[in-house]
Amino acid sequence: MTRGTADASAGALPTREVRGTGVRLTSLGFGAAQAGNLFRATTDEESAAAVEAAWDLGVRYFDTAPHYGLGLSERRLGAALRGRPRDEYVVSSKVGRLLVLSPGTAHERDPDLFDVPADHRRVWDFSRDGVLRSIDATLARTGLDRVDVVYLHDPDDHEDAAVHEALPALVHLRDQGVVGAIGAGMNQSAMLARFVRTGDVDVVMCAGRFTLLEQPALADLLPAAVEHGAAVVVAGVYNSGLLARDVPPDDATYDYAQAPAALLDRTRRIAAVCAEHGVTLPEAALAYVRRHPAVASTVVGLRTPGQVREAYARHTAVVPDDLWDALVRAGLLPEDAAPPRDALTP
């Protein structure tokens, strides 16, 4: 695949087509987990305003999932996009967790990171029927006429069912024109690489395994994506918080837990080198991943208009090439992990 260029509907953001599917992703994507009340409550108005701000800045790729707030994210995102030209934006959602009514726990809070009533429970299901039911439910919650990209969501412990049932179901739906592009989204790179090598998936979402701090995807997923022409969407670019501030605080999180002291120290040393080159740590984190030729988009979780504007500014910041050389010299970035110099940036 080749890099796309900015189009009129996407403002200043470049877009990239997912191999021959007609689905084009803006280089910055809107992650809607926060619209599902990830960690804390967010209002309908705040979520809608965040989508409005993203739209005004040219973001046209929006990612959600049934898992996010037990369907709340899908409902809010669909409502916020309602009335906008349908062919001007891309929505991805996910299959693998069905939402089943649970009146017996409706008085409790969801135990899975989202501040919502536990009036449903998640049931793993990567069967063909489960895929079809999940997509139908997503369409009902969002009010959309189609889902542009469908990912298998966290099939780590369900690889056999995902490969032999869910993926063929998605291939059939794509071939019938029901969905535009198909793939998988995970917090690991090895299984994503195996999905890519089947030749069936068009795009994968890799969360946290290709960042300025760690690059296991360079050994398996990213070479496979280049070889097979699959697009990679990078999520978790801040490693759940450690790379999200100019200088990481003592209570910074890594993979949703307290960051180990040694990793916190290394991150602060990276931040110091970034500052010497006139860029912030979050700007460098976003610039680093988008420079790989397999990466089509970077999805950032966004809750408020202010966060949207901040992410856009970080994403479009100019980061000098010599920063990567300096990080390599300081032993903070492996030499074979330095980004190519001829990569295009927004």
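Determine the shape class of the stretch 13-116: with a ≥ b ≥ c the square roots of the Cα gyration tensor eigenvalues, call it rounded for a/c under 1.5, and otherwise prolate if a/b is greater than b/c, oblate otherwise.
Cα axes put the stretch 13-116 in the prolate bin.
Counting every Cα pair in the chain, what percent are over 36 Å apart?
15
Less than 9 Å Cβ to Cβ from Ala32, Lys/Arg counted +1 and Asp/Glu -1: what total charge do the surrounding residues give?
Around Ala32, the charge tally is -1.
Within the chain, which is the longest segment that contains none of the trypsin sites (Lys or Arg not before Pro) sitting in a DSSP loop with at most 12 other Cβ atoms within 10 Å?
Result for the longest clean stretch: 83-340.
Helix 281-290 versus the longest principal axis of the chain: what angle, 0 to 90°, nearest 10, using Cα atoms?
70
Only bridges whose two residues both fall in the chain count here: according to DSSP, what percent of them are antiparallel, nearest 5?
30
May I ask what percent, to the nearest 5, of DSSP beta bridges between residues of the stretch 178-257 are antiparallel?
10
Bear in mind that the values in this text are calculations on the coordinates, not laboratory data. Please read these numbers as outputs of a predicted model, since none were measured by experiment. Don't worry about glycine lacking a Cβ; one is built from the backbone with ideal geometry, like all the others, and counts go over all protein chains shown.
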